[in-house]
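Remarks on the structure that follows.
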Amino acid sequence: MIVENTSIKDIDLDKIKNYLTAQKKNISNIDERLLINLGVLKNGKLTLGGLLFFGNNPQQYKPVFLI
């Protein structure tokens, strides 16, 4: 599910880096293709999972959702 009014700017790249490090993935460049493959980004917007796990401020877009 795509979250309207979001963009790649709403992703916390440090959270992505920490996730990749924990998965023992040695990826130096986080680009749009990687985010799409991870299911974080679709059509230039965050997915619901991407927002909840890696969003800068998920409450701004989904104030009542919890993990």
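Descriptive notes on the structure:
- Residues satisfying the stated conditions in segment 10-46, i.e. free of Cβ contacts under 8 Å to residues at least 24 places away in the same chain and in a helix (DSSP H, G or I): 13, 14, 17, 18, 20, 21, 22, 33, 34, 36, 37
- Matching residues, segment 47-59, being more than 9 Å from the chain's Cα centre (by Cα) and touching a residue at least 12 places away in the same chain (Cβ under 8 Å): 57
Rule-based calculations on the coordinates, nothing more; no lab input. Please read all numbers here as calculations on a predicted model, not as lab measurements. Cβ sites come from the backbone with ideal geometry, for glycine too, and all protein chains shown count toward neighbours.
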